[in-house]
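**Q** So that we are looking at the same thing, I have put the structure below in structure tokens.
The values are calculated or read from the model by the stated rules, or taken from the named source; none is laboratory data. Just so it is clear, the structure is predicted and the values come from calculations on it, not from any experiment. Backbone-built Cβ (ideal geometry, glycine too); neighbour counts: all protein chains shown.
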Amino acid sequence: MYKILAVALAGLLFTASQSWSETLQTLEPIIVTATKLETPAREVASSVTVVTEEEITTKQQTTVLEALRAVPAVDVVRQGGAGQQTSIFMRGANSEHTLVLIDGIQVNDPISPARFFDFAHLTTDNIDRIEVLRGPGSTLYGSDALGGVINIITKKGQGEPRLTVSAEGGSYETHREKIGLSGGNEKINYSLTASYLDSNGIGAASRKDGNSERDGYKNLSTSARIGLTPTDNFDLDFIVRYIDSETEIDNFGGPAGDDPNFTLDNRSIFFRTQARLILFDDLWEQKLGFSLSDYDRSSHNDPDSDHPFDLVRSSFDSRQHKIDWQNNLYLHETNTVTLGIEYEEEKGKSDYYSESFFGPWSSTFPEKKTDTIGCYLQDKIRLWDRFFTTLGVRIDDHDEFGSRTTYRITSAYLFNTTGTKIRASYGPGFKAPSLIQLFDPVFGGNPDLDPEKSEGWDVGIDQTFWNDQLTISLTYFENDFENLIVSEFVGFDPILGPIYSYENVDNAETKGIELALTCQPVEDLIFRASYTYTETENEKTNEDLLRRPKNKFSADITYRFLERGNVNLNLLYVSERDDIFFNGVTFESGRTELASYTVVNLAASYLVTDNLRLFGRVDNLFDEEYEEVWGYDTAGISGYVGGEYTF
């Protein structure tokens, strides 16, 4: 109850006697993810970070995972170099507890064991901004949003047609080429890109364990967004993103990790079309959309001199489609009501075959599917240009576990005369069991599983100084997770061996502090920094959750010079955290502690002419040696240079 009162207290502060004042005149980002409505950042009560295209370009970040590393309370963990499996932990939640959207398309993979999204292959091509919503988001987005939501939004073309080509090359025999076309007017807009990356890469398995073989990576990505506006009150969008990648991977970490013939192929396509209609003098806005995400993954491993008995063939296919209808009723300047209904179906199948010293082994997951119908209602209230609150409720009906109700309340109050905003949010979230957890015939699928549940709240304050030249944000958060699904040992069969079953057995708690600072003392100089302290605990074992650092600090400084160039220096510090070790020779395993690390990157670019830009960067400037996952390497100091020309 005290958590709800904390949110209500933030809302009641509008009764404080404050004289009306002018709205802050600074330009600020528009945030969509927090309310599903275009809302100025100053009116958002949720804890949200926006990573802009300008920041991505300045730092020369080619993948979304790199752009997320500096976001408060977001921990990025990659199992080796480029193309290797990458997980996201938000506010200490499990990686599968973050819902990932690309232009509203849910891209969490239905056939992965816990239904998480692998960030390894998602490039920053054609991205306008990335919105990171921290805290449970199930009221608007349904399942998977226990820890938060990451929403990647594609660029909308505008102006005269522009054709851009770029190329870069550098360490590990890496080269990357990209071409893009964009433009638009009142009737049509378009933004299209295609890129190709090829790298010999680093060795995924750690060098300190005697591994030396390098693991290459290839990635072909295309992205397109086309919009049509035939009338003033109707528009239509088509969005598609296609990824085709090939990754050389290694075995489990530790000795004998190298495997020169082990490759993973990934092909995925994400598609959405959306129609928007405005009626009754802008009082009723409707959005009707159809989304599709389709995955086709396969791996193969042939025997070699070091692994003469190893042979692996596997395939994983999944598809999710969704129909959604959102209605925004602009009843008054103080009140907007949103009503939505969604239907989604996910299905998947897989095959696995291997031969080893112990003989052949195979498993088949026949195609299974689930469907969910959800409806939600939200009231967005805006009073006196200083008090902002949202109240929302949602009901989801899943064809396996039944109905689940979630709700969310957020409130913020602005003291315009002092540049102070206080805010708070509270709400539960849920995650439906995955197809594997429900139906897997080999590893104990359990159709009686309940959804995982969370309860999260936060309270924070944002303060601006010197006409918004300095902004400081402080947030305290807590999350409780219940009914977490794990694979439990339930017995031993003399023929089949160990028997496991997925069960709702674990509970966990996370809490911490997020601190962020942005300072622009002069027009050409920007300094950003953030610090996150996170405590996590598995309430069954009383141990810290794996791969979550207690302390994370990031900072970067950007300086523009001669009106045509810029240079960026960024730093990331991650403290010690626990992980699991495994010895591929002795088969020993257990918990271990990974050392802290600090990585510094440097990037610079210069506009030689109005059409030609040259750029270069150095990653891991001081050649830090560290592991994000036990037994897997990370890249040392590396450099890249390139150029971009616009016609």
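Okay, residues lined up against (1) in a strand (DSSP E or B); (2) among the aliphatic types (A, V, I, L, M); (3) under 30 Å from residue 589 (Cα atoms):
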{"position": "244", "(1), (2), (3)": "yes, no, no"}
{"position": "247", "(1), (2), (3)": "yes, no, yes"}
{"position": "273", "(1), (2), (3)": "yes, no, no"}
{"position": "276", "(1), (2), (3)": "yes, no, no"}
{"position": "281", "(1), (2), (3)": "no, no, no"}
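**Q** Let me ask another. Filter the stretch 159-183 down to residues that are buried (at least 19 other Cβ atoms within 10 Å of the Cβ) and more than 23 Å from residue 641 (Cβ to Cβ), then give me how many there are.
**A** Qualifying residue count, the stretch 159-183: 1.
**Q** So residue 344 fits all but one of (1) among the acidic types (Asp, Glu); (2) surrounded by fewer than 18 Cβ atoms within 10 Å (Cβ to Cβ); (3) in a strand (DSSP E or B); what number is the exception?
**A** Only one criterion is unmet by residue 344, namely (2).
**Q** Continuing with this model, one more query. Given the residues 510, 518, which is the only one that is of a type in the set (Val, Ile, Thr), crowded, with 18+ Cβ neighbours inside 10 Å, in a strand (DSSP E or B) and touching a Ser or Thr at 6+ places or on another chain (Cβ under 9 Å)?
**A** 510
**Q** Moving on to the next point. Going by what's in this entry, would residue 289 be described as within 21 Å of residue 110 (Cβ to Cβ), within 30 Å of the chain's Cα centre (by Cα), touching a residue at least 60 places away in the same chain (Cβ under 8 Å) and buried (at least 17 other Cβ atoms within 10 Å of the Cβ)?
**A** So residue 289 passes the test.
**Q** Among the residues of the stretch 196-210, how many are assigned to a strand (DSSP E or B), farther than 27 Å from residue 128 by Cβ and among the polar types (S, T, N, Q)?
**A** 0
**Q** Okay, next question. What do you reckon, is residue 391 assigned to a helix (DSSP H, G or I) and surrounded by fewer than 23 Cβ atoms within 10 Å (Cβ to Cβ)?
**A** no
**Q** Cβ-Cβ under 6 Å, sequence separation 6+ or interchain: first residue in the stretch 392-411 and over 21 Å from residue 371 (Cα atoms) and touching a residue at least 40 places away in the same chain (Cβ under 8 Å), partner surrounded by 21 or more Cβ atoms within 10 Å (Cβ to Cβ) and of a type in the set (A, V, I, L, M, F, W, C). Which pairs?
**A** Here the result reads 409/7; 410/45; 411/7; 411/10; 411/45; 411/424, each pair linking the stretch 392-411 to a residue that is surrounded by 21 or more Cβ atoms within 10 Å (Cβ to Cβ) and of a type in the set (A, V, I, L, M, F, W, C).
**Q** What strands (runs of 3 or more DSSP E), lying completely within the stretch 555-647, carry at least 2 residues that are touching a helix residue (DSSP H, G or I) at 6+ places or on another chain (Cβ under 8 Å)?
**A** 565-574, 597-607
**Q** Check off (1) touching a residue at least 40 places away in the same chain (Cβ under 8 Å); (2) farther than 24 Å from residue 140 by Cβ; (3) assigned to a strand (DSSP E or B); (4) of a type in the set (A, V, I, L, M, F, W, C) for residue 329 and give me the number that stays unchecked.
**A** Every listed condition holds for residue 329 apart from (2).
**Q** Moving on. Here is a list: 384, 361. Which entry is of a type in the set (Phe, Trp, Tyr), at pLDDT below 95 and under 30 Å from residue 421 (Cα atoms)?
**A** Working: 361 fails: under 30 Å from residue 421 (Cα atoms).
Going through 384, 361 in turn, the sole match is 384.
**Q** Inspect the stretch 427-446 for any residue being in contact with a Ser or Thr (Cβ under 6 Å, 6 or more places away or on another chain) and among the aromatic types (Phe, Trp, Tyr) and give the result as yes or no.
**A** Yes, there is a match, as at least one residue in the stretch 427-446 is in contact with a Ser or Thr (Cβ under 6 Å, 6 or more places away or on another chain) and among the aromatic types (Phe, Trp, Tyr).
**Q** Taking the conditions exactly as written (without any contact (Cβ under 8 Å) to a residue 60 or more places away in the chain and more than 27 Å from the chain's Cα centre (by Cα)), does residue 415 satisfy them or not?
**A** no
**Q** Could you give every pair whose Cβ atoms fall below 7 Å, whose first residue belongs to the stretch 52-75 and is within 18 Å of residue 529 (Cβ to Cβ) and modelled with pLDDT of 95 or more, and whose second residue is in a loop (DSSP other than H, G, I, E, B) and among the charged types (D, E, K, R), counting only separations of at least 6 or pairs across chains?
**A** So the pair list comes out as 73/91; 75/548.
**Q** Hey, among the residues in the stretch 269-286 that are within 17 Å of residue 341 (Cα to Cα) and not aliphatic (A, V, I, L, M), which one's nearest to the chain's Cα centre (by Cα)? Don't jump to the end; show me each part of the working.
**A** Keep residues of the stretch 269-286 that are within 17 Å of residue 341 (Cα to Cα), which gives 272-277, 284-286.
Checking which are not aliphatic (A, V, I, L, M) leaves us with 272-274, 276, 284-286.
Numbers: 272: 19, 273: 22, 274: 22, 276: 26, 284: 32, 285: 28, 286: 27 Å.
The residue in question is 272.
**Q** Hey, another quick one. Within the stretch 527-545, is there a residue that is part of a strand (DSSP E or B) and of a type in the set (A, V, I, L, M, F, W, C)?
**A** Within the stretch 527-545, one or more residues are part of a strand (DSSP E or B) and of a type in the set (A, V, I, L, M, F, W, C).
**Q** Consider the stretch 425-450. How many of its residues are assigned to a loop (DSSP other than H, G, I, E, B) and surrounded by fewer than 23 Cβ atoms within 10 Å (Cβ to Cβ)?
**A** Final tally of qualifying residues: 11.
**Q** Can you tell me which residue among 193, 229 is touching a residue at least 24 places away in the same chain (Cβ under 8 Å), more than 29 Å from the chain's Cα centre (by Cα) and in a strand (DSSP E or B)?
**A** When all the criteria are applied, what remains is 229.
**Q** Which residue out of 631, 643 is touching a strand residue (DSSP E or B) at 6+ places or on another chain (Cβ under 9 Å) and surrounded by 17 or more Cβ atoms within 10 Å (Cβ to Cβ)?
**A** 631
**Q** Does the stretch 391-416 hold any residues that are in contact with an Asp or Glu (Cβ under 7 Å, 6 or more places away or on another chain) and of a type outside the set (Gly, Ala, Ser), and which are they?
**A** Result: 391, 399, 401, 404.
**Q** OK, next. Pairs, please: C-beta under 8 Å, at least 6 apart or cross-chain, first residue closer than 18 Å to residue 412 by Cα and in the stretch 461-472, second among the small types (Gly, Ala, Ser) and part of a loop (DSSP other than H, G, I, E, B)?
**A** Sorted first by the residue in the stretch 461-472, then by its partner, the pairs are 463/419; 464/419.
**Q** Are there any strands (runs of 3 or more DSSP E) wholly within the stretch 75-176 with 1 or more residues that are farther than 30 Å from residue 351 by Cα, and if so which?
**A** Fully inside the stretch 75-176 and qualifying: 86-90, 127-134, 148-154, 159-170.
**Q** Condition first: in a strand (DSSP E or B), in contact with a Gly (Cβ under 7 Å, 6 or more places away or on another chain) and closer than 19 Å to residue 237 by Cα. Can you find one or more residues in the stretch 289-296 that meet it?
**A** Looking for residues that are in a strand (DSSP E or B), in contact with a Gly (Cβ under 7 Å, 6 or more places away or on another chain) and closer than 19 Å to residue 237 by Cα, one finds at least one in the stretch 289-296, hence yes.
**Q** From 371, 317, 324, 306, grab the single residue that is in a strand (DSSP E or B), surrounded by fewer than 16 Cβ atoms within 10 Å (Cβ to Cβ), in contact (Cβ under 8 Å) with a residue 24 or more places away in the chain and among the charged types (D, E, K, R).
**A** Step by step, each of 371, 317, 324, 306 is checked, and only 371 is in a strand (DSSP E or B), surrounded by fewer than 16 Cβ atoms within 10 Å (Cβ to Cβ), in contact (Cβ under 8 Å) with a residue 24 or more places away in the chain and among the charged types (D, E, K, R).
**Q** Considering the stretch 196-217 alone, what residues qualify as being closer than 29 Å to residue 180 by Cβ, surrounded by fewer than 18 Cβ atoms within 10 Å (Cβ to Cβ) and not hydroxyl-bearing (Ser, Thr, Tyr)?
**A** Within the stretch 196-217, 198, 200 meet the criteria.
**Q** Just for the stretch 572-581: of the residues that are surrounded by fewer than 17 Cβ atoms within 10 Å (Cβ to Cβ) and not hydroxyl-bearing (Ser, Thr, Tyr), which one is modelled with the highest pLDDT?
**A** So the residue we want is 576.
**Q** Might you check whether a residue that is touching a Ser or Thr at 6+ places or on another chain (Cβ under 8 Å), closer than 26 Å to residue 71 by Cβ and crowded, with 20+ Cβ neighbours inside 10 Å occurs anywhere in the stretch 592-606?
**A** Checked the stretch 592-606: at least one residue is touching a Ser or Thr at 6+ places or on another chain (Cβ under 8 Å), closer than 26 Å to residue 71 by Cβ and crowded, with 20+ Cβ neighbours inside 10 Å.
**Q** If you don't mind, another one. Can you find a residue in the stretch 46-57 that is among the β-branched types (Val, Ile, Thr) and buried (at least 24 other Cβ atoms within 10 Å of the Cβ)?
**A** no
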